[in-house]
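Inspection log for the structure reproduced underneath, given as structure tokens.
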Amino acid sequence: MIDSFPPNFLWGSATAAAQIEGAAHEDGKLDSIWDVFSRVPGAVANGDTPEVAVDHYHRMPEDVALMKRLGLDSYRFSTSWARVKPADGAINKAGLAFYSRLVDELLENGILPWLTLYHWDLPQAVQETGGWANRDTAYRFRDYATAVHDVLGDRVTHWTTFNEPFCSSLISYAAGEHAPGLQDPAAALAAVHHQHLGHGLATAALRELGAASAEPLQIGITLNLTTAIPNDPNDPVDLDAARRIDGLWNRMFIEPVVLGEYPADLLDDVAGLGLSEVILPGDLEIIHQPIDFLGVNYYHDDCVSGHPVERVTTVPTDRPYASPFVGSEYVSFPPRDLPHTAMDWEVNPDGLRALLVRLTLQYPTLPPMYVTENGASYEDVVSDDGRVHDPDRTTFIREHIAAVAEAILQGADVRGYFLWSLLDNFEWAWGFDKRFGIVHVDYDTQVRTIKDSGLAYAAIIAGALSPTP
Ligand code: IFM
């Protein structure tokens, strides 16, 4: 099975700044929206905050050494806008110096840096000017991207503009479950469009800056995608609910970038919520920049019904649930008879194969894909033997990698796989309650222990373990 991966297939692991760095107010970094949101009572489980996280800011060389031990080809990390331009004004040289040291450490260890510019930690100062609901934020994002390029552009070749804009728009501005915690569907749709615009502006700017580089930049975006499966494929109500979720969660994010247009049915579904009004002449041309890769984050599919079945919600919140499913009367997610992770997410590796093949068939102009996140949370403990035995995660990883191999055999152009996550970390509204790492972190001592799943992943990378369980 391992033989069906192309020779230069990239094996990696991923993290994000706010989830691991800590040092939330050090060396000039100021509040991001997640620092502020996590201080709102009830917003994050157990009152956890990213203040210290897993102290990666101070333990970076140790963490890069772990990557080396695992045999990673590449490390996907994000830069924190709130560290680079904390007050939305001057550039914080100390903040950029951290990322410069990280990039050097990676390169010295033969690990390709894969940089994401936006993984949800907007400077609070920018939020106070309206955040992503304000069109100006797209231009500020472009300026932040060029500031990062000015310092790292001589060494970083792989650039991702946004990670999962679905989360930093709908979940953040409509559902209120992520920072900044708003429940305003029109602001959410404006945030979608302005993040698209920011993607296009930054891509064009980076492309221009990179033109002088010896090695052309690889620029892309990472989207979290799902397959919306109608609960009853013979029920027109369920079929229509699945279409609407596919439009709102997948096509609203893929199509402006890849096709230069919003899906017509989606525009109809959300008519009256202001999306059409924020799309100015010329925006779609800016958004529709050529990209070099599409990052696909996959965790699970969603079984969808248009009937009022009780919704399975996965985020602990005592705020009233505000539906992000604008444009619909009911959308519910009936549970299916599949194994579930500690997040209560379905384990369905074939869904990853099906998604990659579907994207290939549905979008003939799609650039090569990388699975930029895939992984699982389980309740891990350090055993008496000092090890973390997490057989469910090992099986999850092997089966999903086997699914990628199968997708490639079926014609999908997938060039790499990044496991989420390298380290246990701050899982947003779940705080430190959910562990996704292949390296366990003791949150009291910050001691790192490679889990059995991490050893298995290293063996897969080394070609010593077949993904097929
Ligand atoms: O931890 C997150 C990550 O930040 C974005 N993608 C999903 C992961 C697991 O929830």
For the chain, give the percent of accessible area contributed by carbon and sulfur heavy atoms, probe 1.4 Å, rounded to a whole number. 53
Which ³J(HN,Hα) values in Hz, rounded to whole numbers, follow from the phi angles of the range 62-73 under the Karplus curve 6.51 cos²θ - 1.76 cosθ + 1.60, where θ = phi - 60° and Gly and Pro get x? 4, 6, 5, 4, 5, 4, 5, 4, 6, x, 5, 7
Area of Asp444 that stays accessible when all protein chains are in place (1.4 Å probe, Å², to 10): 150
In whole angstrom, how far apart do the alpha carbon centroids of the range 413-469 and the range 150-199 sit? 25
Using 0.36 nm times the number of residues separating Ala271 and Asn46, minus their current alpha carbon distance, what extension gain do you get? 77.1 nm
Which whole-number percentage describes the relative contact order of the chain, with Cα contacts under 8 Å and a sequence gap of 6 or more? 18
What does the charge dipole of the range 128-287 about its Cα centre add up to, to the nearest 20 debye, if the Cβ of each Lys and Arg holds +1 and the Cβ of each Asp and Glu holds -1? 460
About the Cα centre of the chain, what is the dipole size in debye to 20, counting +1 per Lys and Arg Cβ and -1 per Asp and Glu Cβ, all else neutral? 920
Can you list the lysines whose alpha carbon is less than 19 Å from that of Lys29, not counting same-chain residues fewer than 8 positions off? Lys85, Lys93
Treating the beta-carbon of each Lys and Arg as +1 and of each Asp and Glu as -1, no other charges, what is the dipole magnitude of the range 48-119 about its Cα centre, to the nearest 20 debye? 180
Residue among Trp249, Leu206, His196 farthest towards the positive dipole end of the range 163-258, charges placed on Cβ: Leu206
Towards the positive end of the charge dipole of the chain, with charges on Cβ (+1 Lys, Arg; -1 Asp, Glu), say which of Ala43, His149, Val64 has the farthest Cα. His149
Quote the relative contact order of the range 58-121 in percent (integer), defining contacts as alpha-carbon pairs under 8 Å separated by 6+ residues. 49
Solvent-accessible heavy-atom area per residue, rounded to whole Å², over the range 384-461 at 1.4 Å: 32
Run the simple label-point estimate for Asp235 and Arg155 please: 7 Å along Cα→C-beta, distance reported in nm. 5.6
Signed unit charges on C-beta, dipole axis of the range 103-226, positive-most listed residue Thr116, Gln218, Tyr173: Tyr173
Mean accessible area per residue over the range 216-309 (1.4 angstrom probe, all protein chains present, square angstrom) is 36
Here, Ala94 and Gln410, labelled 7 Å along Cα→Cβ, have an inter-label distance in nm of 5.2
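The values are calculated or read from the model by the stated rules, or taken from the named source; none is laboratory data. Values in this document were obtained by computation on a predicted structure and should not be read as measured data. Don't worry about glycine lacking a Cβ; one is built from the backbone with ideal geometry, like all the others, and counts go over all protein chains shown. Each accessible area value is taken on the protein alone, full model and side chains, heavy atoms only, with ligands, DNA and RNA left out. Shrake-Rupley method; radii C 1.70, N 1.55, O 1.52, S 1.80 Å.
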